[in-house]
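Everything on this sheet refers to the single structure shown next.
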Amino acid sequence: MISRRIIRTKVLQVLYAYYSTDEKSINNTEKELFFCIHKAYDLYHYLLALVPEIADYAEGRIEIRRNKHQPTHEDLNPNTKFITNQVIQQLRNNNKLNTYVDQKKLSWKDHPELIKELYLMMIESDIYEEYMADKNRSYLNDRKFIEKLFNKIILISEDLYMVLEEQSIYWNDDVEFVISMISKTLRRFNELSDSEQSLMPMFKDQEDRDFTKDLLRKSIINHDELRELIKEHSRNWDVERIAFMDILIMQLAITEFLYFPTIPTKVSLNEYIELSKFYSTEKSRNFINGILDKTLKDLKRTEKISKEGRGLIGE
């Protein structure tokens, strides 16, 4: 589930914290890094479990109207398309989701006002009106609606962000990414998906898990060499006046140039330039791009970069 871009972002964040404290422990920083990633995985399951809660609330509203003293024809014959949505039923019965949220004690029961607010946002939306008015029932139609519910309702709810912030300082920054992973997960579901339908693993494979640990450790262990390279290729700049976050971005990029032989330098360069769009100013981005480009050319000229694997030898 966790992409390489998110891994790089998390490493940058904990690296900033590492250099900002007096007591520096690589082991503790590594634990913090994996804890951050685990929290994103918790959020993935927590948000998946949110939609059945909204459906439960909707069903409760239907029952209240049915039991009115003088129910209308509409009260007695409600449109149940949403509460019988096939994907919601699959999420409700998914053993992996249920086991995870139970073990982690992730529950929406203490947030009835949020559930109500999301329900009201949903029923007032165009996507809900279109979905409920469509007489055709199909699995694809049901799945597309749940994807839209996540991306057009849940993702923009300010109340959701307030609730998440109360529970974890890590979650709000991860919501957009996690919902994109939920969309990918839902596209793996089909009519035949049963209670054992798989969800996304935390890491795609062991290689990504190792990459996470190694990127952090190699950046810290080779700190002096990396900073010297940055200083050498920014001679016209006072290194002490370069933004600390900009230095860390360059430090991580050069770490990948030098110590990750299977990652193309072009990929590393592009990834950290992209990262600088979120953590640096526009002026800083141009500066980072220029320094990394100069450093990369010099490292190639002096044959300090060694890449291996198909298409990478002699890069």
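Between D75, D42, which is surrounded by fewer than 19 Cβ atoms within 10 Å (Cβ to Cβ) and not basic (K, R)? If you could, list the steps in order and put the result at the bottom.
Details: D42 fails: surrounded by fewer than 19 Cβ atoms within 10 Å (Cβ to Cβ).
After applying the criteria, what remains is D75.
With respect to K68, determine if the residue is open to solvent by 60 Å² or more (accessible area, probe 1.4 Å) and not in a helix (DSSP H, G or I). Lay out the reasoning, then the answer.
Numbers: open to solvent by 60 Å² or more (accessible area, probe 1.4 Å): yes; not in a helix (DSSP H, G or I): yes.
So K68 passes the test.
Cβ-Cβ below 8 Å, separation at least six or inter-chain, first residue in the stretch 27-45 and touching a residue at least 24 places away in the same chain (Cβ under 8 Å) and among the charged types (D, E, K, R), second part of a helix (DSSP H, G or I) and open to solvent by 70 Å² or more (accessible area, probe 1.4 Å): which pairs?
Close Cβ pairs satisfying both conditions: E30/K213.
Do you know which residues across the stretch 94-114 are surrounded by 18 or more Cβ atoms within 10 Å (Cβ to Cβ) and hydroxyl-bearing (S, T, Y)?
Within the stretch 94-114, Y100 is the sole residue that qualifies.
What about I273, is it under 14 Å from R8 (Cβ atoms), open to solvent by less than 60 Å² (accessible area, probe 1.4 Å), of a type outside the set (S, T, Y) and not in a helix (DSSP H, G or I)? Before you say what the answer is, go through the steps one by one.
Working: under 14 Å from R8 (Cβ atoms): yes; open to solvent by less than 60 Å² (accessible area, probe 1.4 Å): yes; of a type outside the set (S, T, Y): yes; not in a helix (DSSP H, G or I): no.
So I273 fails the test.
Going through the stretch 200-238 one residue at a time, which ones are assigned to a helix (DSSP H, G or I), closer than 30 Å to Y46 by Cα and either open to solvent by 80 Å² or more (accessible area, probe 1.4 Å) or at pLDDT below 95 (or both)? First the steps, then the outcome.
At the first step, the residues of the stretch 200-238 found to be assigned to a helix (DSSP H, G or I) are 206-221, 223-232.
Subset that is closer than 30 Å to Y46 by Cα: 206-216.
Those that are assigned to a helix (DSSP H, G or I), closer than 30 Å to Y46 by Cα and either open to solvent by 80 Å² or more (accessible area, probe 1.4 Å) or at pLDDT below 95 (or both): Q206, E207, R209.
Considering E30, E59, E74, E53, which residue is among the charged types (D, E, K, R), at pLDDT 95 or above and over 23 Å from the mean Cα position of the chain (by Cα)?
Working: E30 fails: over 23 Å from the mean Cα position of the chain (by Cα); E74 fails: at pLDDT 95 or above; E53 fails: over 23 Å from the mean Cα position of the chain (by Cα).
The match here is E59.
Conditions first: (1) surrounded by 13 or more Cβ atoms within 10 Å (Cβ to Cβ); (2) under 24 Å from K109 (Cα atoms); (3) of a type outside the set (D, E, K, R). T29 passes all but one, so which condition is the exception?
(2)
What are the residues in the stretch 198-229 that are touching a Phe, Trp or Tyr at 6+ places or on another chain (Cβ under 6 Å) and not charged (D, E, K, R), if any?
Within the stretch 198-229, the subset touching a Phe, Trp or Tyr at 6+ places or on another chain (Cβ under 6 Å) is 202, 209, 218.
Matches in the stretch 198-229: M202 only.
Pick from the stretch 163-218 the residues that are polar (S, T, N, Q) and without any contact (Cβ under 8 Å) to a residue 24 or more places away in the chain: which of them is nearest to R92 (Cα to Cα)? It would help to see each step written out before you state the result.
Of all residues in the stretch 163-218, those polar (S, T, N, Q) come to 167-168, 172, 180, 183, 185, 190, 193, 195, 197-198, 206, 212.
Then drop every residue that is not without any contact (Cβ under 8 Å) to a residue 24 or more places away in the chain, which leaves 167, 172, 180, 206.
Values: Q167: 23, N172: 24, S180: 20, Q206: 30 Å.
By that ranking, first place goes to S180.
The values are calculated or read from the model by the stated rules, or taken from the named source; none is laboratory data. What you are looking at is a predicted structure, and each value in this text was computed from that prediction instead of being measured. A quick note on method: Cβ atoms are made from the backbone with ideal geometry, for glycine too, and the neighbour counts reach across all protein chains shown. Heads up: the accessible areas ignore ligands, DNA and RNA and are worked out on the full protein's heavy atoms, side chains in. Shrake-Rupley method; radii C 1.70, N 1.55, O 1.52, S 1.80 Å.
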